[in-house]
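Written out below as structure tokens is the structure these notes cover.
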Amino acid sequence: MSAQLINHACDFVLFGARGDLAMRKLFPALYQLHRAGLLHSDTRLIGVARNESTQEEFIEAVQATLKRYVKPAEYDEGSWEGFSKRLHYLKVEMTKAADYKQITRFAEGSSNTLVNYLSTPPALFADICKNLHLSGAIQPNTRIIIEKPIGHDLESSKEINDTVAQYFKEEQVYRIDHYLGKETVQNLIALRFANNLFGSQWNQNYIDHVQITVAETVGIEGRWGYYDKVGQMRDMVQNHVLQLLCMVAMDPPSQLTADGIRDEKLKVLRALRPITAENVARRAVRGQYTAGAVGGAACPGYKEEEGSSGRSNTETFVALRANIDNWRWASVPFYIRTGKRMATRMAEIVIVYKNQPHYIFDPKQKSMVTNKLIIRLQPDEGIRLQVVTKEQSLDKGMALQSRGLNLNFSEGQEGVRTPEAYERLILEAMRGNQSLFVRRDEIEASWRWCDELIKAWDESGDQVKPYPAGSWGPIGSIALIERDGRSWHE
Ligand code: BG6
């Protein structure tokens, strides 16, 4: 077994244990890890929050959340029984140094690795780090997991990173981007680097362009206060979408280590060509949804959402054309689109291959001869290679057809559940494997590029373009790709 696959005994301290993320995602993920036998028998889970709860009330709340968010078939009393024994609750006022003594007292006499998960607003990170330090809880093997938003621009992200760095070395810091925990995103590494068929042709000689779509049907889910200051560029592109782009575009690392992978991703981020005020109108489109219907249900427009001030120029949709200025990707555009309240929930990466240099079939069939590799992340996970074959018949001559070679990950794995991203991420943080976490320099390089684009929008006075809820975004996003003689993969 590689060192990274050892499940160490940990004291997993969850700050913000009564919050929405903890209840909806983190406890269900921890429960699944327990149920799969992936938590060390001595691992303890310590919920930390400022709520006046007893240990019993806390355990009851966790049980209620599991019953709500874990599929009935995956919840069983036997597993719950064992899981509940791991749970502890500490009432801590995050800003009060004296309260942190409870954590050190709890950990006294145990050799468990302390893993702190900060499921709190970033405004509390400084206090939590400082108080953990003052209470003497931080050892060389102590870890800290932090969530987005890590800043709203380069400067504020540096501030957060500087604060954390005062108390933790980079090897102790685990920055979550939950897209990196998705099964297919991890599979991209296997697909690209374990298959010479794809690996050998993964460059500008063979690939015409790449499309990345992350479409959501949800709106802003009652988060106007947060979202209106952020918008889709900061909420989705700066982190999740650029991480996907890096996984597609990076060079093979010489070794499959955390820094090997992160060094390569960083090079991609640094090679992104800036989008500036001069070219932003042709390279990027912002949209905002208006009233419409998704899946047959009527939805209000963004400005009519709960909590709205009724006025906003915040984008809920972004489409853009990114270019990576290096040898592998010279002149290969990456078209990106992501939005809320779109027609269907779907995330996929499409690699569109170049056509043959000389075409010999019926010209009417020309549009059919494009090979595409479609890598689907959600709602289902799988890979499909679109290939061209001859239609079977005696009388149609060399009539062509485009067919898909499908690799459905769940096929042949019946009964094997696809783990949620947070399960993988928590497990790997407990194992001390940083490869699924984002390094400081990656976050900062990504902000640098996004800041420039956001500034370009501001400087050019760009107004969001309306699109009806339940559509594929503003018309401008179609023009963005069609101007280049290409079209979005449907
Ligand atoms: C979050 C964003 O990071 O990712 C949300 O803040 C978004 O706005 C969510 O809805 C999407 O995640 P997923 O896994 O459902 O695609």
Query raised in the report: Loop-only check: which trypsin sites (Lys or Arg not before Pro) in segment 103-203 are DSSP coil with at most 12 other Cβ within 10 angstrom?
Result: 169
Report summary line: With the charge dipole of segment 1-119 built from beta-carbon charges (+1 for Lys and Arg, -1 for Asp and Glu) about the Cα centre, the Cα from 46, 26, 58 projecting farthest to the positive end belongs to 26
Report task. Of the listed pairs 91/148; 91/303; 303/455; 265/455; 158/267, which have alpha-carbon separations greater than 28 Å here? Result -> 91/303
Query raised in the report: Among 389, 184, 370, what is the fewest-to-most ranking by other Cβ atoms within 10 Å?
Result: 389, 370, 184
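Can you sort 351, 478 from fewest to most other Cβ atoms within 10 Å of each residue's own Cβ?
478, 351
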**Report entry** Cβ-derived FRET efficiency at R0 35 Å, residue 192 paired with residue 155, nearest 0.05
**Finding:** 0.55
**Report entry** Shape call, segment 223-350: gyration tensor on alpha carbons, a/c limit 1.5
**Finding:** prolate
Report summary line: The simple spin-label model distance between residue 254 and residue 403, using points 7 Å out along Cα→Cβ, in nm, is 4.4 nm
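Cut-off is 10 Å between beta-carbons; in what order do 368, 342, 398 appear when sorted fewest neighbours first?
Sorted ascending by nearby Cβ count, the order is 398, 368, 342.
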Report summary line: segment 423-459 scanned against label point 7 Å out from residue 42 along Cα→C-beta; backbone N under 18 Å for 430-432
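Return the Rg/Rh value of segment 1-144, two decimal places, where both radii are evaluated on C-alpha atoms and Rh is the Kirkwood radius.
Computed over Cα atoms, the ratio is 0.96.
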Query raised in the report: In square nanometres, what is one fourth of the surface area of the convex hull spanned by the alpha carbons of the chain?
Result: 26.0 nm²
Query raised in the report: Expressed as a rounded percentage, what relative contact order does segment 1-158 have, with Cα pairs under 8 Å and six or more residues apart?
Result: 29 percent
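Quick note: the coordinates plus some simple rules give every number you see, no bench work behind them. Nothing here was measured: the structure is a model prediction, and the numbers come from that model. Please note: Cβ atoms are built from the backbone with ideal geometry, for glycine as well, and neighbour counts cover all protein chains shown.
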